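Reading through the structure tokens given below for one structure.
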Amino acid sequence: MANHDPGKFADPLAFDMDREHINHHLSFGAGPHRCLGMHLARHELIIALTEWHKRIPGYELASGEQLYERGRSYP
């Protein structure tokens, strides 16, 4: 429920890529409640996206759209 706090996020149930403080979420928990599987989940996502790009290489952003990157890049 922490990610649904209206005191932290205006309209917390709406999907908004331009939301202020978009990286202030608790998807993997925090402190002593941090998810033990977070590193595995991130690694699995890297593998999934790598395989996606191998199988479906022919897609692109719509003309005039900007790519927003967040987080760190991996090889």
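Numerical summary
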read-out: Test result for PHE28, of a type outside the set (Ser, Thr, Tyr), open to solvent by less than 70 Å² (accessible area, probe 1.4 Å), modelled with pLDDT of 75 or more and touching a helix residue (DSSP H, G or I) at 6+ places or on another chain (Cβ under 9 Å); value: no
read-out: Those residues of segment 1-25 which are aromatic (Phe, Trp, Tyr) and surrounded by 10 or more Cβ atoms within 10 Å (Cβ to Cβ), in sequence order; value: PHE9
read-out: Segment 34-50: number of residues that are in a helix (DSSP H, G or I), among the hydrophobic types (A, V, I, L, M, F, W, C), over 18 Å from TYR68 (Cα atoms) and open to solvent by less than 80 Å² (accessible area, probe 1.4 Å); value: 3
read-out: Near pairs, Cβ below 9 angstrom, 6+ apart or cross-chain, from segment 5-33 (more than 23 Å from TYR68 (Cβ to Cβ)) to any residue that is at pLDDT 75 or above and not in a loop (DSSP other than H, G, I, E, B); value: GLY29/MET38
read-out: Neighbours by Cβ (under 9 Å, 6+ apart or cross-chain): first from segment 38-64, touching a residue at least 60 places away in the same chain (Cβ under 8 Å); second part of a loop (DSSP other than H, G, I, E, B) and of a type in the set (S, T, N, Q); value: none
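The values are calculated or read from the model by the stated rules, or taken from the named source; none is laboratory data. No experiment lies behind these values; they were computed from the predicted model shown. Because the Cβ atoms are built from the backbone with ideal geometry, glycine has one as well, and the counts that use them run over all protein chains shown. With ligands, DNA and RNA removed, areas are computed over all heavy atoms of the protein, side chains included. Shrake-Rupley method; radii C 1.70, N 1.55, O 1.52, S 1.80 Å.
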